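Data block below; observations after.
The values are calculated or read from the model by the stated rules, or taken from the named source; none is laboratory data. All of these numbers come straight from a predicted model, not from anything done at the bench. Every residue, glycine as well, gets a Cβ built from its backbone with ideal geometry; the counts of neighbours run over all protein chains shown.
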Amino acid sequence: MKAILTVLLVIFLDLLGFSFIVPFLPDYVAHLGGSPLWFSWILGAYSIGQFIMAPVWGRWSDKVGRKPVLLISTLGSTLAWTSLALVHSLVFLLIIRFIAGLMSANFTVAQSYIVDVSPPEKRTANLGLTGMAFGVGFILGPPTGGFLYLLGPAAPFWGSALLAASALTLVIIAVPESKNKIASRRRVAGKSLVEFLKDPSLRGILLVNLGFSLAFSLFQSMFSQVSILQLHFAPWQIGATLAFAGVLIALTQGGGLRFLVKRYAERPLMWVSLFLCGLGLLLWGVSTLSVELLLALVPISLGGGIAMVLIRSLLTKSVPDHEVGTALGISSSLDSFSRVVGPLLGGVLVSFSAMLPGLLSGAMILLSGLLGVILWGWKSKASAEPAPAEASES
């Protein structure tokens with residue numbers, strides 16, 4: 001458990017530093033003379049880099065072990081944040097954000113590490129803790145970054161560099177190689193994305209992964225704009241509602257999920273959570289009152305928080321141990337692809353109607369869940385997933 005807690009702290013520090021830039025990046029780009037188009041390029045550069053390299057890092061961690069990849073990734077983050085604190089130009093910001101995306105492997109490899117050291121019956125609950133660490137980092141990071149920006153444009157970057165250096169130190173001195181070190185170094189070639197899609201047992205879960213990621217990216221990227229257009233929200237109201245959703249997700253992944261997976265089979269639980277999230281997104285699309293938005297955020301946060309963990313947990317249980325890193329890398333690549341496409345699609349939809357992002361994202365999740373049930377089945381075979389009773393001991 002000590003190793004898991006240490007890795008969770010690494011994730012938290014990484015995401016806390018990453019989220020420092022969220023509130024001030026638009027102003028910072030404008031301060032450097034950039035247009036909204038420049039902002040969109042800089043925002044997308046990180047996800048494009050991550051989309052390219054996430055499967056590579058995942059496969060490499062299967063071959064050489066998790067710790068070396070964590071070391072390289074945290075070192076890359078430290079250097080990237082330090083560079084941004086020292087040099088201030090639009091082109092340099094764009095290049096470094098792309099390189100940072102290429103080097104970003106912490107979350108995927110940390111999840112692979114936790115899969116390695118967790119017994120199957122505790123895997124989902126422990127993966128939920130990574131989501132909680134992610135969520136808490138994003139709850140605390142933006143207000144902290146906004147405060148640091150008041151001290152000067154370079155201050156948030158120095159803060160992020162310090163946190164990344166702290167994470168690097170933790171990996172060096174406190175993270176042992178995972179128990180699958182020997183197995184992970186077997187010279188077994190991991191599947192490519194095409195090979196994964198050809199596997200009938202993986203096609204369904206990857207389809208659900210893509211549909212959920214694209215829909216949730218559409219929700220996240222368009223939430224502020226839709227809130228302004230439909231509800232006339234001020235920035236503080238947008239921040240407060242996002243914090244409300246973040247707290248719900250963190251509580252769900254950190255505690256509620258552990259309770260649920262002890263009592264219910266994971267695959268039906270995933271389908272139900274997708275259904276709840278889809279309905280919540282549809283309600284978000286038609287919300288014109290604050291109370292309607294808050295009601296919509298409850299199923300979105302609870303259903304989405306459960307689904308995003310179960311998708312990855314079930315994916316790791318569908319591949320051999322020596323392909324877990326590759327599988328999670330491909331999942332991260334799909335997430336990154338969605339973070340590039342989601343804002344672009346959302347911008348087009350909002351130009352027609354502010355309701356469309358919610359309606360389309362809700363329909364997308366419901367449809368991907370339905371297709372997933374058709375391709376993958378409502379329940380798994382008894383041998384593929386531990387019965388809930390087996391997970392009663394924590």
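A few notes on this one:
- Filter result (free of Cβ contacts under 8 Å to residues at least 12 places away in the same chain and assigned to a helix (DSSP H, G or I)) within segment 139-154: F147, L150
- Just one of the listed residues (A45, A100, A54) is within 18 Å of W158 (Cα to Cα), buried (at least 17 other Cβ atoms within 10 Å of the Cβ) and aliphatic (A, V, I, L, M), namely A100.
- Residue that is surrounded by fewer than 22 Cβ atoms within 10 Å (Cβ to Cβ) and either assigned to a helix (DSSP H, G or I) or touching a residue at least 40 places away in the same chain (Cβ under 8 Å) (or both), where the choices are A167, A133, A85: A85
- Subset tally (residues that are small (G, A, S) and part of a helix (DSSP H, G or I)) for segment 90-107: 2
- Residue match in segment 68-79 (condition: in contact (Cβ under 8 Å) with a residue 60 or more places away in the chain, over 20 Å from the mean Cα position of the chain (by Cα) and either crowded, with 23+ Cβ neighbours inside 10 Å or outside the structural domain of R123 (by TED's automatic domain parsing) (or both)): no
- Residue in segment 335-345 that is of a type in the set (A, V, I, L, M) and buried (at least 23 other Cβ atoms within 10 Å of the Cβ) present: no
- Candidates L242, L274 - the one that is surrounded by 24 or more Cβ atoms within 10 Å (Cβ to Cβ) and either touching a Phe, Trp or Tyr at 6+ places or on another chain (Cβ under 7 Å) or part of a helix (DSSP H, G or I) (or both): L274
- Residues located in segment 266-293, provided they are of a type in the set (G, A, S) and either outside the structural domain of T316 (by TED's automatic domain parsing) or within 23 Å of the chain's Cα centre (by Cα) (or both): S273, G278, G280, G285
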